[in-house]
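Below: one structure, written as structure tokens.
The values are calculated or read from the model by the stated rules, or taken from the named source; none is laboratory data. Quick caveat: nothing in here was measured; it's all calculated off a predicted structure. All Cβ positions, even for glycine, are placed from backbone atoms using ideal geometry, and neighbour counts span all protein chains on display. Please note that ligands, DNA and RNA were not included when accessible areas were found on the heavy atoms of the full protein model with its side chains. Shrake-Rupley method; radii C 1.70, N 1.55, O 1.52, S 1.80 Å.
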Amino acid sequence: MQDSNMEYLTIALPKGKLFSLSADLLAKIGYTADGLSDKSRKLVITNEEKKIKFIVSKTADVPTYVEYGAADIGIIGKDVLLESEKDVYELLDLGFGKCHLMMAVPRDEKRPTLMDYAHTRVATKFPHIAERFFNEHGMQMEYIKLNGSIELGPIVGLSESIVDIVETGTTLKENNLEEIAWIMGASARLIANRVSFKMKFDRIHTMVRDLRSILESEAAAK
Ligand code: PRP
């Protein structure tokens, strides 16, 4: 790790749905910076007083920045973290961004059992997680990696099914898809680079302690 980076705690935040929830939670422990926004074109935003650097990255890249130590800390969904297979510490379940991963198929062409989909094509942004799931069921599948709008796969005949995340269920409903298997639950996690965790132990430990205390008092107030 470069010496100049030692003074700062660098935090990778994901663009998109988790951004404002992450920034709001960090603000509660005093981790803020002027101009911190996922709309900003500025990639690194620094709080000089507190020696914090925020980097705002594409969601799927957060575990990469953290694994390589370009960021000490990151916030990322458990789904994306598992899919990335990156070697990082998972420090805390932040409780927001709750969703689940599932398999869905066209409602009108639903087959009687899960096994009836063996050897068919599944469209997904999560091929590693999907493969683990189908392997556990002894099913060989053909995986088609998509980067978004996964629900389109079966509609246009690209695949027989999808493996994707569901939050409200609206996207499935509006596209006549039906969930047929629950794969795993997910929520936002605080992750850390393994070397940073040792070298910046006091700062990271304090951050985790402060976040935990906020989360506990919010949970108690519910
Ligand atoms: C995610 C996911 C579903 C949708 C689920 O997509 O891939 O399409 O959200 O949400 P719902 O259950 O509340 O309808 P996202 O909005 O991240 O965009 P994407 O299609 O680019 O992956």
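Just a few scattered comments:
- For the chain, the relative contact order is 26 percent, taking Cα pairs closer than 8 Å that sit 6 or more residues apart in sequence and dividing their mean separation by the residue count.
- Here the Gaussian network model covers the chain, with springs between Cα atoms less than 10 Å apart; of 41, 111, 194, 41 fluctuates the most.
- At an R0 of 25 angstrom, the distance between the Cβ atoms of residue 156 and residue 115 translates into a FRET efficiency of 0.50.
- In this structure, the pairs whose alpha-carbon distance is over 21 Å, taken from 39/222; 15/125; 28/125; 58/78, are 39/222; 28/125.
- Label separation (residue 6 vs residue 145): 3.8 nm, computed from points 7 Å beyond Cα along the C-beta direction.
- For the stretch 147-188: rounded, prolate or oblate by the Cα gyration tensor [a/c cutoff 1.5]: prolate
- Point-to-point label distance, residue 132-residue 174, nm (Cα→Cβ direction, 7 Å offset): 3.0
- Length-normalised contact order of the stretch 99-184 in % [C-alpha pairs under 8 Å, at least 6 apart]: 50
- Here the calculated FRET efficiency for residue 218 and residue 17, from their Cβ-Cβ distance with R0 = 22 Å, stands at 0.70, rounded to the nearest 0.05.
- Only aspartates and glutamates eight or more places from residue 42 in sequence, or on another chain, were considered; those with a Cα closer than 20 Å are 24, 34, 61, 72.
- Surface per residue (accessible, 1.4 Å probe) for the chain, Å²: 53
- Computed [θ] at 222 nm, deg cm²/dmol, the chain (DSSP H ≥ 4; -39,500 (n - 2.57); rounded to nearest 500): -9000 deg cm²/dmol
- Helical segments meeting 20 Å axial Cα length and Kyte-Doolittle -1.0 threshold in the chain (DSSP H): 201-221
- Rounded to the nearest 0.05, the FRET efficiency derived from the C-beta distance between residue 87 and residue 108 at R0 = 45 Å is 0.55.
- Overall form of the stretch 109-167 per C-alpha gyration tensor (a/c, 1.5; a/b vs b/c): oblate
- If you take all other residues with their beta carbon under 14 Å from the beta carbon of residue 143, and give Lys and Arg +1 and Asp and Glu -1, the sum is -1.
- Considering only 46, 120, 59, the Gaussian network model of the chain with Cα springs below 10 Å gives its largest mean-square fluctuation to 120.
- Residue among 83, 48, 142 with the largest mean-square fluctuation in a Gaussian network model of the chain, springs linking Cα atoms under 10 Å: 48
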